[in-house]
Amino acid sequence: MENHTYEIYYDELGDFLEIFFGEPSKCYTEEPEQGIFIRKDQETEEIKSIGILSFKKRGAKILDSVLLKFGKKLPIQISV
């Protein structure tokens, strides 16, 4: 089984959730849909983080949907 590094950041005031995958690297950001931010490694195109604006307002199911869409999984469940 592979080892993965995850970091989860939540800004309650701004209602912004961001999940980081692996080690930090130089990235660029895309916004594939309003309020969803994907940071990708500049060299490898690997997804390094997923950010969701208005996370509580949208509900926890938005996270499952975004993770599935971009082929990512977490070893834990995050609730609102």
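Bear in mind that the values in this text are calculations on the coordinates, not laboratory data. Every value quoted in this text rests on a predicted model; they were computed, and no experiment measured them.
Here are some notes:
- Scanning the stretch 24-80 for residues that are hydroxyl-bearing (Ser, Thr, Tyr) and over 14 Å from Ile8 (Cα atoms) returns Ser25, Tyr28, Thr29, Thr44, Ser54, Ser65.
- Which listed residue, of Asp11, Asp64, Asp41, Asp15, is on the phi > 0 side of the Ramachandran plot and not small (Gly, Ala, Ser): Asp15
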